[in-house]
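Below is one structure, written out as structure tokens, with a few remarks after it.
Every number here is computed from the coordinates shown, using simple stated rules; none is lab data. Computed from a predicted model, the values in this text were never measured in an experiment. Here the Cβ is made from the backbone with ideal geometry for all residues, glycine too, and neighbour counts use every protein chain on show.
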Amino acid sequence: MSQTEDLVKRLPTEMGGLDAGPIQRTEHEYAPWEKRCHALANILDIHKIISTEEKRRGVESLGAEMVGKLTYYERWIVAFANILFQKAILTPEELAKKMDEVAARHPAVQHNE
Amino acid sequence: MSEGSGRVLKPLPNVVKAEGAEPIFKAGDEVTISVRFPVGHYRVPTYIRGKRGRVEAVIEPPAINNEDEGFGRNAGVKRHYYRIAIPLTELWPKYAGSKNDGLRIEVFETWLERN
Amino acid sequence: MNTHDDDHGHAAATAQDDPPPGYYEIMETAVRELLVEKEVIGGGEIRQMLEVMDTRTPALGSKIVARAWVDPEFRARLLANGRATLEELGIDFFEDTQLIVLENTDKVHNVIVCTLCSCYPREILGLPPDWYKLKPYRARAVKEPRAVLAEFGTVIPDGVEIRVSDSTAIVRYLVLPQRPEGTENFSEEELASLVTRDAMIGVVRANTPEKKEKSR
């Protein structure tokens, strides 16, 4: 029997009933880009481009490592990019080029080799 | 829904409803949550599968199956969600709180079996 | 703070002083700009949506709770159909999202959670706190709600039933806390000031007048 089945059968985002420690009462002020990301989600839903359900599935399909290590809106924006590629609304190349262009606007952004 | 009229119209005879339009279950029905393992997307948490509960309410309006919707389907047959009551003692064998404590959760019609 | 950048993200005058955008902010900006350039979304839509979102805060929820406390007919309509009643107050909802208002009584205490993601009544309360979206709350609220509530300082007597609502699909929930003792002569505004976001999630009760005095 495959030992990896549980990774497939149980979504990395499902938490109900798992063992967990105390609740840390963390609150953070939402960064402007996070609010914009949330606004983008609402707009994409209204336009029927990416529904709430598609967004949920998009985040789930990032897999356990990314779900565990990326923060909430980081997961959303990566999921949106993937879904927009799947729907041929954007291409990976044009997003990569646009990201370079946006990064270049700020003098201090590091460019990864 | 008009507040003032107080008059409920009766359905016309010989009008057949669309598939899924009529809820299969009603408040008070005893049900069991199905056990299956969809790959890729689901909204029925693992912890309630196979558990027994009671329908508390039918939720309107009917909706597309969210497992399909997750992959882009946005049209087709709509069915109902139901608000299901499940005692926490049914979910967790070692539950230490009051035996009256319970879960309320919406479950899609395709995941419910009549007891 | 560039909360309402125009949709081309030009923060020209202050670019030198702002911290550099991180990788994900760059991605968000790039996705947004491409979608506007391709006319997939309109140029002002994000800004307009941010303005809508800014008006959804716990203060809105508190007003609704206070009104329900003083107006039994409003309360009854809210409990019968949350969404329809709130739409009359100008609060719109997306798609087919429904809202069920859960009434706390002497016999029942409600608390809400989303174990699968972070469903929350954002149309009323705005964006949720971090802890609501993280593992400890989402894992334990459905399994040991009394211990979870105790961490928030809330002790529910054994004779009171706890109902945990796990949002999974089209319904969002708002808890209607019990009106505290000693508030018979309070105005609606004073009542609203006793109602916190956490009371509408269900992890605490509404503040009593004494508790509110102490926290000044």
Check: Going through the range B:47-82 one residue at a time, which ones are of a type in the set (S, T, N, Q) and either surrounded by 18 or more Cβ atoms within 10 Å (Cβ to Cβ) or under 20 Å from B:D101 (Cβ atoms) (or both)?
Finding: B:N65, B:N66
Item checked: Residue in the range C:76-94 that is surrounded by the most Cβ atoms within 10 Å (Cβ to Cβ), counting only those that are of a type in the set (D, E, K, R) and over 15 Å from B:P61 (Cβ atoms) -> C:R77
Check: How many residues are closer than 23 Å to A:A88 by Cβ and surrounded by 15 or more Cβ atoms within 10 Å (Cβ to Cβ) when one looks only at the range A:11-65?
Finding: 21
Notebook entry, point to check: Restricting attention to the range A:20-37, and to residues there that are more than 7 Å from every other protein chain (Cβ to nearest Cβ) and part of a loop (DSSP other than H, G, I, E, B), which single residue is nearest to the chain's Cα centre (by Cα)?
Noted result: A:A31
Checklist line | Among the residues listed as C:N110, C:N104, the single one being within 22 Å of B:A85 (Cα to Cα) and within 13 Å of another protein chain (Cβ to nearest Cβ) | finding: C:N110
Checklist line | Residues (over 17 Å from the mean Cα position of the chain (by Cα), more than 8 Å from chain B (Cβ to nearest Cβ) and under 26 Å from C:L86 (Cβ atoms)) located in the range C:155-193 | finding: C:Q178, C:R179, C:P180, C:T183, C:F186, C:S187, C:E188, C:E189, C:E190, C:L191
Margin query: Among the residues that make up the range B:1-19, is at least one of them in contact with a strand residue (DSSP E or B) (Cβ under 9 Å, 6 or more places away or on another chain) and under 24 Å from C:L99 (Cβ atoms)?
Written below: no
Next item on the list: List the helices (runs of 4 or more DSSP H) that sit entirely inside the range C:102-214 and contain at least 2 residues that are among the basic types (K, R).
Entry: C:135-140, C:209-214
Item checked: Hey, C:L50 under 19 Å from the mean Cα position of the chain (by Cα) and closer than 30 Å to A:E94 by Cα or not -> yes
Checklist line | One residue from C:E39, C:E25, C:E51 being within 8 Å of chain A (Cβ to nearest Cβ) and not aliphatic (A, V, I, L, M) | finding: C:E25
Next item on the list: Would you mind finding the one in C:A84, C:A59 that is assigned to a helix (DSSP H, G or I) and farther than 20 Å from C:L127 by Cβ?
Entry: C:A84
Margin query: Checking the condition on the phi < 0 side of the Ramachandran plot, facing chain A (nearest Cβ under 10 Å) and touching a residue at least 12 places away in the same chain (Cβ under 8 Å), which residue from B:L112, B:L91 passes?
Written below: B:L91
Next item on the list: Identify, by number, the condition in (1) in contact (Cβ under 8 Å) with a residue 12 or more places away in the chain; (2) in contact with a Pro (Cβ under 7 Å, 6 or more places away or on another chain); (3) among the aliphatic types (A, V, I, L, M) that A:I23 doesn't meet.
Entry: (1)
